[in-house]
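The values are calculated or read from the model by the stated rules, or taken from the named source; none is laboratory data. Fair warning: this is a prediction, and the values are worked out from it, not measured in the lab. Note: ideal-geometry Cβ built from the backbone for every residue, glycine included; neighbour counts use all protein chains shown.
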Amino acid sequence: MSLFEELKASLEEAVEIKNGHKEGKVTRFEISDVKAIRAQLKVSQQEFASALGTSVDTVKSWETKRRNPTGLAAKVLATIQDNPSFYQELASH
């Protein structure tokens, strides 16, 4: 199963849980060092935010630790940290 298929399945499962058709489970991801990930990729906050489909303010708040990425964002960041080439896939879509 491709990563995109996994993410799609995760989103479909989230809808089922929200609608009460399935019981949810909590999975915790280690909080990624967003600034280090972005520095390794050599991209701006704007480029990073665009690839992740979020705002520059959100990226800034993650980097300054005012907020922690949660849910799907945490999973995507963990995936990028483990496989930096995944970022290129995101950025190209």
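Inside the stretch 20-44, can you point out the residues that are modelled with pLDDT under 80 and either surrounded by fewer than 10 Cβ atoms within 10 Å (Cβ to Cβ) or among the small types (Gly, Ala, Ser) (or both)?
Of everything in the stretch 20-44, those that are modelled with pLDDT under 80 and either surrounded by fewer than 10 Cβ atoms within 10 Å (Cβ to Cβ) or among the small types (Gly, Ala, Ser) (or both) turn out to be Gly20, His21, Glu23, Gly24, Lys25, Val26, Thr27, Arg28, Glu30, Ser32.
Can you tell me which of Leu90, Leu72 is exposed (fewer than 15 other Cβ atoms within 10 Å of the Cβ) and either out of contact with any Asp or Glu (no Cβ under 7 Å at 6 or more places or on another chain) or under 20 Å from Leu11 (Cβ atoms) (or both)?
Exactly one of Leu90, Leu72 is exposed (fewer than 15 other Cβ atoms within 10 Å of the Cβ) and either out of contact with any Asp or Glu (no Cβ under 7 Å at 6 or more places or on another chain) or under 20 Å from Leu11 (Cβ atoms) (or both), namely Leu72.
Take the stretch 1-10 and flag every residue that is aliphatic (A, V, I, L, M) and modelled with pLDDT under 80.
Listed by number, the residues that qualify are Met1, Leu3, Leu7.
Pairs under 6 Å by beta carbon, first residue in contact (Cβ under 8 Å) with a residue 24 or more places away in the chain and more than 17 Å from His93 (Cβ to Cβ) in the stretch 42-61, partner of a type outside the set (Gly, Ala, Ser) and part of a helix (DSSP H, G or I), six or more apart or different chains?
Partner pairs satisfying both residue conditions: Val59/Gln45; Val59/Phe48.
With the structure loaded, tell me whether Glu47 is within 13 Å of Lys75 (Cβ to Cβ) and either outside any helix (DSSP H, G or I) or modelled with pLDDT of 75 or more (or both) or whether it fails that test. Write out each step before concluding.
On the way: within 13 Å of Lys75 (Cβ to Cβ): no; either outside any helix (DSSP H, G or I) or modelled with pLDDT of 75 or more (or both): yes.
Judged against the criteria, Glu47 is not a match.
Mind listing whichever residues of the stretch 50-93 are in a helix (DSSP H, G or I), farther than 13 Å from Ser32 by Cα, among the hydroxyl-bearing types (Ser, Thr, Tyr) and touching a helix residue (DSSP H, G or I) at 6+ places or on another chain (Cβ under 9 Å)?
Passing the criteria: Ser50, Thr58, Tyr87.
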